[in-house]
Amino acid sequence: MSLPSQMQAVRFIPQAGTAQASKESPADIRIVTQSVPKPGAGEVLIRVTAAGINNADLLQRIGGYNVPEGATDIPGLEVAGTIASVGEGVTTWTEGDRACALLAGGGYAEYVVVDARQVAPVPEQVDLVEAAGIVETAATVWLNIFMTAKFTKDDWVLIHGGSGGVGTMAIQMVKAMGGRPIATAGTDAKVEYARFLGAEGINYKTEDFVDRVHEITDGHGADIILDVVAGRYSEDNLRAIANRGRWVIIGTAGGIKGPINFLRVMAKQAVITGNLLRPRTAQEKGEILAGVVEHIWPLVANDEIDPLIAQTFKLENTNVAYQRFAESDRVGKIVLTM
């Protein structure tokens, strides 16, 4: 099949009179026309069906997330679609294959080029729009809870931000793999949603989540903490963590600095670490995706894990999609369709 020479894509353009985007002056979201990229050696070109929206994309819009060196500044870190063409040396993919990919950028476009190692097959039972909303979250959870924190069956896993895309995926993956999830959220409705997915729910605005964690775990504490908040809740997390617990930081909604009682860290033999997925190498992303494909895709295909797509928007309505993503009552994933 012949390919078009031009495609539509989203670009973030700084507002007139500003040198660069900021929280006070976020970049304008523009739909632009540009050339369809061509895959180089070891790469594939994906005809994008849908692209997931992630918090990193919104941070990039306000200048809060630097684009990795060598990556496109087109936003979008996860897509699903079909293989449109393959570069030299690629033997694992052929034109027309259903695929999803972890990207360093470029997902908000009709076509995207990506290293073949960052691409995974989409099971026939899984819709491509659903796949676009699950690959980044599933990879994030797999990297942080299962690879980094060394999850084992029956672990108590405290998940902050339990109603978001990563949070809802973490609850389901932990539950499906034999763990015991505990999720925090800021409204009773979101807490109930977390409970519906199989977690013990805590409203951190009306309850002391440290006391509740110890109550739920009969004094044991959280074996693993998946933390998108950090900052001001740092000491509370140390109080909530179990002996030899693992605290993995993947976001700083509560600030980049917080109090740490190092004596408590030592006494509990706790491990504190953090991760970013976007800047990892193609080899590393491939290893993460391999774990997702082996352990998580079968659960998605059998409806044991739900992608939980909250809403979809056309590419030209990215601005509206961002408004919806930022609304406080949102749960689940927002996906752009081409």
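The values are calculated or read from the model by the stated rules, or taken from the named source; none is laboratory data. Since the structure is predicted, the reported quantities are computational estimates derived from the model, not experimental observations. Note that we place each Cβ from the backbone using ideal geometry, even for glycine, and neighbour counts take in every protein chain shown. We work out accessible area using only protein heavy atoms, side chains counted, and drop any ligands, DNA or RNA first. Shrake-Rupley method; radii C 1.70, N 1.55, O 1.52, S 1.80 Å.
Brief remarks follow.
- Positions within the stretch 242-273 being in a strand (DSSP E or B) and either without any contact (Cβ under 8 Å) to a residue 24 or more places away in the chain or open to solvent by 40 Å² or more (accessible area, probe 1.4 Å) (or both), in sequence order: N243, R244, R246, I249, V271, I272, T273
- Residue count, the stretch 301-323 (criterion: of a type in the set (A, V, I, L, M), under 16 Å from the mean Cα position of the chain (by Cα) and not in a strand (DSSP E or B)): 2
- Against the test of being of a type in the set (D, E, K, R) and either modelled with pLDDT of 95 or more or closer than 21 Å to A139 by Cα (or both), the options E88, E69 yield a single qualifying residue, E88.
- For T18, the test of being in contact (Cβ under 8 Å) with a residue 24 or more places away in the chain, among the hydroxyl-bearing types (S, T, Y) and open to solvent by 30 Å² or more (accessible area, probe 1.4 Å) is failed.
- The requirement of being closer than 20 Å to V229 by Cβ, open to solvent by less than 10 Å² (accessible area, probe 1.4 Å), assigned to a strand (DSSP E or B) and among the aliphatic types (A, V, I, L, M) is satisfied by A183.
- Whenever a residue of the stretch 156-181 is of a type in the set (F, W, Y), its partners that are surrounded by 24 or more Cβ atoms within 10 Å (Cβ to Cβ), lying with C-beta atoms within less than 6 angstrom and at least six residues away or across chains, give the pairs W156/A222.
- Matching residues, the stretch 49-75, being in contact (Cβ under 8 Å) with a residue 12 or more places away in the chain, assigned to a helix (DSSP H, G or I) and surrounded by fewer than 17 Cβ atoms within 10 Å (Cβ to Cβ): L58
- Scanning the stretch 103-122 for residues that are of a type in the set (A, V, I, L, M, F, W, C) and either free of Cβ contacts under 8 Å to residues at least 40 places away in the same chain or not in a loop (DSSP other than H, G, I, E, B) (or both) returns L103, A109, V112, V113, V114, A116, V119, A120.
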